[in-house]
Amino acid sequence: MDFTEKIRMLRKEKGMSQPAVAKGMGISMRGYQNIELGTEPRYSSLFRIAEYYDVSVDWLMGRTENRHAHRE
């Protein structure tokens with residue numbers, strides 16, 4: 001599963017719309033849509049996404065299979 005599939009899956013698990021997630025993260029809706037469509041997020045946005053969904057950046061980027069590697 002790649003990065004865009006993971007963030008789409010996380011959003012759907014929360015039952016949220018793209019605008020709601022973007023607002024919760026403090027980024028523009030267009031910016032969030034672009035990330036879900038495959039635009040590489042800025043470093044700061046990557047950390048916001050990980051924090052918002054309570055997952056590790058390493059998991060988002062495919063470096064580990066453990067969603068919560070930051071808790072180890």
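The values are calculated or read from the model by the stated rules, or taken from the named source; none is laboratory data. The shown structure was predicted, so the numbers you read here are calculated from the model rather than taken from an experiment. No Cβ is skipped: glycine too gets one built from the backbone with ideal geometry, and neighbour counts run over all protein chains shown. Note: accessible area is taken over every heavy atom of the protein model, side chains too, but ligands, DNA and RNA are not part of it. Shrake-Rupley method; radii C 1.70, N 1.55, O 1.52, S 1.80 Å.
Data table
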| read-out | value |
| --- | --- |
| Inter-residue pairs, beta-carbon under 9 Å, first without any contact (Cβ under 8 Å) to a residue 60 or more places away in the chain and farther than 15 Å from SER44 by Cα and in segment 15-33, second open to solvent by 60 Å² or more (accessible area, probe 1.4 Å) and of a type in the set (A, V, I, L, M, F, W, C), 6+ apart | GLN18/MET29; PRO19/MET29; VAL21/MET29; LYS23/MET29 |
| Within segment 15-30, considering residues that are of a type in the set (A, V, I, L, M) and in a loop (DSSP other than H, G, I, E, B), the one least open to solvent (accessible area, probe 1.4 Å) | ILE27 |
| Tally, over segment 31-72, of residues that are within 17 Å of GLN18 (Cα to Cα), open to solvent by 100 Å² or more (accessible area, probe 1.4 Å) and not in a loop (DSSP other than H, G, I, E, B) | 2 |
| Residues located in segment 50-66, provided they are hydroxyl-bearing (Ser, Thr, Tyr) and over 10 Å from the mean Cα position of the chain (by Cα) | THR64 |
| Filtered residue count, segment 5-32, keeping only those that are within 20 Å of TRP59 (Cα to Cα) and not β-branched (Val, Ile, Thr) | 11 |
